[in-house]
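First up is the structure itself, then whatever we jot down about it.
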């Protein structure tokens, strides 16, 4: 970099005297090159462009008003060998005023030229002091480290210090430091600073303030905790009732008494066998009887009623033999049944460690172990039981389990409740695809929507080249297209018999299509009924639903209708059930969970997490279905014919399309309802309101809607 010796308008020739003047704020001027060693000087006259033109000087009234610019230029001239750097550092009593071209004064010096003239006018000059070559960089660094937030209120004194001719390298370093300091834009001081951070040296230090708590606490997702993604929080286990502790001493004494009675009864009927073990469950106790060699199993199964009489039991169930064992199981109701609360299963490790959002709680087995199931592997379920058997309570437990396991982005629910009382508390859940449906026609339309959704999903699966919904969602997440992730849809029908009475053909067809194809599309159906007769649970429905849950029924025929074998007629009710899983040959006996008032608390908690967003309204589906049914297949052709006529009548329509009177009259009524023809006026024909222009306009609108 060439030698820079200060602004041009501050230079002066060595031979001219120095006259005191007030320091002026420098204006940006083009740099001039000068070499003090060879004596070549070039200066720029900054006031030449402001001189009064001759034409103006000769005007009347301005001849004696000219300014003596020669005197001003003489006062502003400086020696080119002198360098001046300005500083705005205020002069204080504690520290002397320093400049970029002078080093810091030692504190031991009681009197300095700057201190003695600190109170002098700003136009007075300060005596020059010699400096060292490294002074400019040191001064710039010192001043940048002493920056404060608020400007001082003391008077700012311009310190002009002439310097001896330094080397070109020193001047270049000083000028870079000066420009770097002036070009820095200090950011505004923050109100609070993080505890683990320190402000940079070249930024102002904010005064210490009281730390404030963050407005929103960070939520750290954990795999098995009550938090989920996107701010959704699962309900707490505290909303559910705690388990009930049984009276172990009383139960143990009763079991020993029943064991002795059972051995005596077997000996009385000449059955060579005895009790070798027993298992106490929440509702029943299973006694394991070992038979002697050569004793037939049916010999003990034929003693069902005799054993019930001898044991004074409400009912007993014989499992001969127990799968995987060489014993026969005799199940006797407990003296005091213990209710199984839903919290027992949801708090178990089996439920908490399950990764599928379709995990539900079934209940506990005879050993008191929690039993869970995955709806995705069912993939459809049939629930049947008489009134008071615990069927509706089990549906509430199933829905509550899903609320504890799945977010609205993972699982959506379609609830159909013809009784309009059992599933009404779930209205407003963010998981619902529509409000809870209680009308039979709306239920048929909703099932039709599910069929259309299934077909739409299969088109997406085929386009993506995958087989099921799980692979489709994994592929969408890998590509980052989270908006394409589709949720599972669980359809629950609380009472199928009411739907079959009103719209049997439609409901049966839709259920058959869903159960046959909807598994890969992520749509699952759970049907419940209290009348498991063949006219309700038809062969088409039963064959496509592999998972069955049988509660207490009235007869063996109903038991065979549900699980294809006897046993459900001997259940005790109140949640006692037989669960026949998909592919299983024998059902297992479970005690369903109990949930009552907790449903309201859990549903209210979930409603506060996210706003409901329905995918359709049942009324609109019913309206669209009615329009599709009422519209004749010839109606589009009738509209084209109507647009070319001035009048229309039933007989005219009959002759034009060769149809019967009833069909033509129905189309005339529909045209009148759509205000396309005038009302009836006796025997006169009706006036036609439809024109070819209107018909073309409607066709263009439909085409535009399809393209959108």
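This table checks each residue for (1) modelled with pLDDT of 90 or more; (2) in contact with a helix residue (DSSP H, G or I) (Cβ under 8 Å, 6 or more places away or on another chain); (3) within 21 Å of residue 371 (Cα to Cα).
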site	(1), (2), (3)
246	no, no, yes
257	yes, no, no
263	yes, no, no
301	no, no, no
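Among what's in the stretch 617-633 and is part of a loop (DSSP other than H, G, I, E, B) and at pLDDT below 85, pick the residue that is nearest to residue 661 (Cα to Cα). Reasoning before the result, please.
Taking the stretch 617-633 as the starting set, the residues that turn out to be part of a loop (DSSP other than H, G, I, E, B) are 617, 631-633.
From what is left, the residues that are at pLDDT below 85 are 631-633.
On the way: 631: 16, 632: 14, 633: 16 Å.
Within the stretch 617-633, the match that is nearest to residue 661 (Cα to Cα) is 632.
Quick one: which residue in 375, 332 is crowded, with 16+ Cβ neighbours inside 10 Å and farther than 30 Å from residue 473 by Cα? Let's see the steps before the verdict.
Details: 375 fails: farther than 30 Å from residue 473 by Cα.
After ruling out the rest, the residue left standing is 332.
Taking the residues in the stretch 500-531 that are part of a loop (DSSP other than H, G, I, E, B) and at pLDDT 85 or above as candidates, determine which candidate is surrounded by the fewest Cβ atoms within 10 Å (Cβ to Cβ). Break it down into steps so the answer makes sense when it comes.
So in the stretch 500-531, the residues part of a loop (DSSP other than H, G, I, E, B) come out as 503, 518-522, 530-531.
Now drop any that are not at pLDDT 85 or above, which leaves 518-522, 530.
Working: 518: 24, 519: 20, 520: 18, 521: 23, 522: 25, 530: 20.
So, considering only residues that are part of a loop (DSSP other than H, G, I, E, B) and at pLDDT 85 or above, the one surrounded by the fewest Cβ atoms within 10 Å (Cβ to Cβ) is 520.
Here's a check for you: in the stretch 479-493, which residue that is modelled with pLDDT of 90 or more and more than 19 Å from residue 457 (Cα to Cα) is surrounded by the fewest Cβ atoms within 10 Å (Cβ to Cβ)?
492
Being assigned to a loop (DSSP other than H, G, I, E, B), loosely packed, with under 15 Cβ neighbours inside 10 Å and in contact with a strand residue (DSSP E or B) (Cβ under 8 Å, 6 or more places away or on another chain) is the filter here; which residues of the stretch 296-318 pass it? Let's see the steps before the verdict.
The first filter runs over the stretch 296-318 and keeps only residues assigned to a loop (DSSP other than H, G, I, E, B), leaving 296-297, 302-303, 312-316.
Of the ones still in play, those that are also loosely packed, with under 15 Cβ neighbours inside 10 Å are 296-297, 302, 312, 314.
Those that are assigned to a loop (DSSP other than H, G, I, E, B), loosely packed, with under 15 Cβ neighbours inside 10 Å and in contact with a strand residue (DSSP E or B) (Cβ under 8 Å, 6 or more places away or on another chain): 297, 314.
For the stretch 263-292, which positions are under 14 Å from residue 321 (Cα atoms) and out of contact with any strand residue (DSSP E or B) (no Cβ under 8 Å at 6 or more places or on another chain)?
Within the stretch 263-292, none qualify.
Can you pull out every residue in the stretch 416-448 that is closer than 22 Å to residue 515 by Cα and under 25 Å from the mean Cα position of the chain (by Cα)?
Those that are closer than 22 Å to residue 515 by Cα and under 25 Å from the mean Cα position of the chain (by Cα): 431, 432, 433, 434, 436.
Do we have residue 372 as under 28 Å from residue 558 (Cα atoms), in the same structural domain as residue 558 (by TED's automatic domain parsing) and either touching a strand residue (DSSP E or B) at 6+ places or on another chain (Cβ under 7 Å) or in a strand (DSSP E or B) (or both) here? First the steps, then the outcome.
Details: under 28 Å from residue 558 (Cα atoms): yes; in the same structural domain as residue 558 (by TED's automatic domain parsing): no; either touching a strand residue (DSSP E or B) at 6+ places or on another chain (Cβ under 7 Å) or in a strand (DSSP E or B) (or both): yes.
So residue 372 fails the test.
Please count how many residues of the stretch 654-669 are surrounded by 15 or more Cβ atoms within 10 Å (Cβ to Cβ) and part of a loop (DSSP other than H, G, I, E, B).
1
The values are calculated or read from the model by the stated rules, or taken from the named source; none is laboratory data. Because the structure is predicted, anything quoted here is derived from the model rather than measured. No Cβ is skipped: glycine too gets one built from the backbone with ideal geometry, and neighbour counts run over all protein chains shown.
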